[in-house]
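In what follows, a structure is listed as structure tokens, so that the remarks can point back to it.
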Amino acid sequence: MADELVLLDFWHSPFAMRVRIALAEKGIEYESREEDLSNKSSLLLKMNPVYKQIPVLIHRGRPVCESLIIVEYIDEVWPHKSPLRLLPSSPYDKANAMFWADYVDKKIYPSGKLVWGATGEVQEAAKKEMIENLKELEGELGDKPYFGGESFGFTDVALIPFYTWFYALETCGDFSIIEECPKLVAWTKRCMQRESVSKSLPDQYKVYCFLMELKNKFEAK
Amino acid sequence: MEGGVVLLDFWPSMFGMRVRIALAEKEIKYEYIEQDLRNKSDLLLQMNPVHKKIPVLVHNGKPICESLVQVQYIDEVWKNQAPLLPADPYKRATARFWADFVDKKMYDSGSRVWKTKGEEQEAAKKEFIGNLKLLEGELGDNLYFGGDGFGYVDVALVPFYCWFYAYEQCGNFSIEAECPKLIAWAKRCMQKESVAKSLADPEKVYGFLLQLKKAYGIE
């Protein structure tokens with residue numbers, strides 16, 4: 001079975017982490033191929049000619065691109081592979097889950113990048129926005145154990161990889177996420193108790209070092 | 001507000017048009033409420049507190065936001081008529097990918113065509129046409145992006161067709177000359193009542209764009 005499923009991966013990518021988590025939740029075996037993003041493989045360029053980015057899930061030789069689309073695909077192809085459907089069955093709840101996963105893409109990723117990647121006024125503005133965004137997510141979580149309700153679900157998968165950015169965000173932005181969003185931090189700890197999550201996420205400090213290398217590369221240009 | 005379907009929309013919005021088309025394809029009756037985006041209504045702010053944007057679909061009093069999420073919702077709730085997404089998971093993933101491509105690329109590259117001038121505009125035109133050619137490649141010799149039948153990607157993309165005239169006027173170029181197959185596809189879609197009724201008049205869109213340019217201080 002493993003030779004049917006290949007993930008073109010990059011250890012530090014929050015988008016690739018989403019796919020790893022989804023595959024682990026479903027207990028699906030696959031081959032992970034780490035890409036060198038400064039020297040992209042011909043396989044990656046062939047499988048994702050439009051964006052040339054990871055993650056790419058190759059299933060029986062056919063590529064699926066864009067992390068949330070991949071997670072949805074996994075959920076649809078292997079619905080029986082777990083007691084857990086990542087997406088809710090009710091159309092309204094499903095739409096809500098997709099809305100908040102899209103929110104992570106539109107808000108958390110761009111503002112987060114500027115908090116660890118920028119300086120001065122740009123960084124300050126991004127920090128303010130990031131805190132607002134995290135609070136907005138905390139509001140959506142409410143008193144539920146997961147964004148998916150009682151069960152870990154699609155929005156949880158979409159957001160939890162950004163937990164790996166927390167040390168970098170706090171260090172660069174000089175603020176405390178637990179002070180600003182205690183409920184959200186409690187949720188991250190709950191997610192990290194799941195093996196699918198803890199095995200798919202790299203260590204925060206290692207991610208911080210990687211992001212600082214990236215930052216230095218851009219500043220050097 | 002209880003029961004029924006309401007659409008909070010703005011007449012030139014390509015994103016709103018997607019939802020109008022999907023509702024028309026499924027023959028769903030709904031109340032259309034035009035929004036003034038310079039003076040947002042309490043209803044809009046209540047129904048979309050996160051982004052404060054249109055379109056907002058309200059079904060049985062509950063809001064759904066983001067146009068592609070709305071189209072998927074409509075497709076699922078009213079699944080017995082005019083299916084927009086295919087049944088096969090791989091084909092669904094492919095359809096979602098290309099609709100997402102339209103979201104990521106078309107609006108921004110189109111906007112840069114009318115917002116810029118000189119070299120910047122030439123670069124914007126090149127990028128815009130490049131994106132359309134990629135879409136043309138994906139269409140291939142099919143009648144629609146959905147294959148033989150009108151589908152999800154067609155819904156996602158065709159609203160931009162009524163903005164093409166405005167882009168062409170601002171950028172002084174012909175989209176048909178560059179992408180004849182795509183224009184043929186768009187005209188084919190326009191023969192469908194759901195599309196013809198949902199898209200704004202290109203001349204009116206151009207008039208609206210000229211007003212926008214004035215407001216932005218762009219000549």
If you check B:Ala177 against the conditions, is it of a type in the set (A, V, I, L, M, F, W, C) and either touching a strand residue (DSSP E or B) at 6+ places or on another chain (Cβ under 8 Å) or buried (at least 22 other Cβ atoms within 10 Å of the Cβ) (or both)? no
Tell me, please, whether a residue that is within 14 Å of another protein chain (Cβ to nearest Cβ), assigned to a helix (DSSP H, G or I) and more than 23 Å from B:Phe160 (Cα to Cα) can be found in segment B:36-55. yes
Only one of (1) away from every other protein chain (no Cβ under 13 Å); (2) in contact with a strand residue (DSSP E or B) (Cβ under 6 Å, 6 or more places away or on another chain) is not met by B:Val58, so which one is it? (1)
If B:Asn131 meets every condition in (1) part of a helix (DSSP H, G or I); (2) modelled with pLDDT of 95 or more; (3) over 30 Å from B:Asp88 (Cβ atoms) apart from one, which number is that one? (3)
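Please go through segment A:124-141 and pick out each residue that is buried (at least 18 other Cβ atoms within 10 Å of the Cβ) and either under 14 Å from A:Pro182 (Cα atoms) or of a type outside the set (D, E, K, R) (or both).
So in segment A:124-141, the residues buried (at least 18 other Cβ atoms within 10 Å of the Cβ) come out as A:126-127, A:130-131, A:133-134, A:137, A:141.
A:Ala126, A:Met130, A:Ile131, A:Asn133, A:Leu134, A:Leu137, A:Leu141 - these are the residues of segment A:124-141 that are buried (at least 18 other Cβ atoms within 10 Å of the Cβ) and either under 14 Å from A:Pro182 (Cα atoms) or of a type outside the set (D, E, K, R) (or both).
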Taking the condition of being in contact (Cβ under 8 Å) with a residue 24 or more places away in the chain and farther than 25 Å from A:Asp75 by Cβ, how many residues in segment A:91-125 meet it? 5
Right, A:Lys46: modelled with pLDDT of 95 or more, assigned to a helix (DSSP H, G or I) and more than 30 Å from B:Asn60 (Cβ to Cβ) or not? yes
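Yes or no: segment A:190-203 includes at least one residue that is within 19 Å of the chain's Cα centre (by Cα), of a type in the set (Asp, Glu) and outside any helix (DSSP H, G or I). Explain how you work it out, then say what you get.
Quick first cut of segment A:190-203, residues within 19 Å of the chain's Cα centre (by Cα) only: A:190-203.
Now drop any that are not of a type in the set (Asp, Glu), which leaves A:195, A:203.
Within this subset, residues satisfying the condition of being outside any helix (DSSP H, G or I) are A:203.
Yes: one or more hits.
Within segment A:132-171, track down each residue that is assigned to a helix (DSSP H, G or I) and either at pLDDT below 95 or touching a His at 6+ places or on another chain (Cβ under 8 Å) (or both). Full working, then the answer.
Taking segment A:132-171 first, the residues assigned to a helix (DSSP H, G or I) are A:132-141, A:154-171.
Selection gives A:Thr164 alone.
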Quick check on B:Ala156: is it assigned to a helix (DSSP H, G or I), more than 10 Å from chain A (Cβ to nearest Cβ), modelled with pLDDT of 95 or more and over 26 Å from A:Leu57 (Cα atoms)? no
Checked B:Arg96, B:Arg112, B:Arg92 against criteria (of a type in the set (Lys, Arg), away from chain A (no Cβ under 14 Å) and assigned to a helix (DSSP H, G or I)); the one match is B:Arg112
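The values are calculated or read from the model by the stated rules, or taken from the named source; none is laboratory data. Since the structure is predicted, the reported quantities are computational estimates derived from the model, not experimental observations. Cβ sites come from the backbone with ideal geometry, for glycine too, and all protein chains shown count toward neighbours.
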